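We did not get these values from a lab; they are worked out from the coordinates using the rules stated. What you are looking at is a predicted structure, and each value in this text was computed from that prediction instead of being measured. A quick note on method: Cβ atoms are made from the backbone with ideal geometry, for glycine too, and the neighbour counts reach across all protein chains shown.
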Amino acid sequence: MYMDTNEIDYWSNFYKNFSNMKPSSFAIFVLDYFKNYTTIHNVIDLGCGNGRDSYLLSTAYKTTGIDTSNKPIERFNTSFILGDMIHHDKSNYDLLYSRFTFHSLTDNQQEELIKSICGNSYLCIETRSSKGIESFRLFGDEHYRNFTSLDTLLILLNKYNFEILYQIESNGLAIYQNEDPICIRVICKKR
């Protein structure tokens, strides 16, 4: 299990009280980015939370969401697993989607996750940048965050033979209420 009990409890309580089901701008971006790709059929949402992005992704692909703290209601073309995203078998997925979960992992867990991805799979990550450590966080600091360095992430992806297809580090990507964090978006493919 990649999260300790306190983190699992934090996120379980968070999703009991978080009712926003509008998909993230990253999910919309990913769906648009891959709209003309015909080789993607099965998607896994790593750290799916309340399933809001899984539901959107399932409009185009058979989608599985996995999370350690929450198992949303299954709907057409979407299934959910209460489990460990790092050690879950990823061989059946063409696209792996990770929004705001990569920074919930330690450096070693990030490497384990990247290493576990099979060849010819696409990986889409949106994570909080280390350049935004000092910025305002609407939901505070009651949970673990391992802010991501873009350079370190690119080195890790290169180490495990990923081709970078898209990258950006900026604010304006994940605006929520009065919070506008500096985020990293990377889309890549395992060779």
For a footprinting-style exposure proxy, rank T106, T68, T127 by other Cβ within 10 Å, fewest first. T106, T68, T127
Using only Cα atoms, locate the centre of region 24-101 and the centre of region 107-135, then give the distance between them in Å, rounded to an integer. 15
Pairs to check: K35/K190; K90/K159; K131/K190; K22/K62; K62/K189. Give those whose C-alpha atoms are more than 21 Å from each other in this structure. K131/K190
For a quick check: with amide H placed at 1.01 Å from N, whose amide H comes under 5 Å from L165's, ignoring anything fewer than 5 positions away on the same chain? I187, C188, K189
Hey, can you grab everything whose amide H is under 5 Å from the amide H of N42? Only 5+ residues off in sequence or another chain; H modelled, so Pro and N-termini drop out. D94, L95
With Rh as the Kirkwood radius over Cα pairs, region 58-171 has Rg/Rh of 0.96
Amide H to amide H, which residues 5 or more places from F80 or on other chains are under 5 Å from it, using H placed in the peptide plane? G65
